[in-house]
Amino acid sequence: MTLDIIEPVGLRVLIRKDDERRTTKGGIHLPDDAKIPVITGRIVAISAQVENDPDYPLSKYDKVILDPRNVIPVDFEQDNKLFVIPIDDIVAVYRHGDAAETIDSAKKDAEAQDESELRFDEDDLDEDDFEA
């Protein structure tokens with residue numbers, strides 16, 4: 001028996017859609033015909049292009065909020081909860097407090113490095129640099 005694997009290509013990820021809620025946070029039960037669009041899910045697989053790009057801080061099992069208009073359903077499971085989506089349709093990623101602090105720390109380090117690259121001493125300049 002072989003296992004089938006789905007690997008997204010290009011700037012795409014594979015997500016498993018979260019179950020639809022039948023009650024609101026306040027405890028109100030919704031009728032069966034009420035449709036609230038489910039726009040959250042977990043990342044199951046990431047394309048190599050997205051995984052190697054630091055502009056997309058996503059990893060496997062991240063919970064994401066997505067724009068459901070461009071999802072491509074994958075007919076792989078009986079309940080069909082798998083979807084391939086373009087990376088641009090992920091609008092947010094849920095992070096724990098520790099992860100947010102780590103991201104903020106990384107941003108501060110990058111900003112400090114950028115500032116240090118912009119600094120220079122007057123001694124670094126030669127008068128020859130300004131001659132026509």
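Nothing in this text is a laboratory measurement; each read-out follows from the coordinates by a stated rule. The structure presented is a predicted model; accordingly, all values stated were derived computationally and were not measured. With ideal geometry, Cβ positions are generated from the backbone for all residues, glycine too; neighbour counts draw on all protein chains shown.
The residues packed around Q49, meaning those with a beta-carbon under 12 Å from its beta-carbon, carry a net charge of -3 if Lys and Arg are +1 and Asp and Glu are -1. How much FRET efficiency would the formula 1/(1 + (r/R0)^6) give for D4 and Q49, where r is the Cβ-Cβ distance and R0 is 22 Å, rounded to 0.05? Rounded to the nearest 0.05, the efficiency is 0.55. For a modelled paramagnetic label at Y94, 7 Å from Cα along Cα-to-Cβ, the residues of the range 39-67 in reach, with backbone nitrogen under 11 Å, are 40-43, 62-65.
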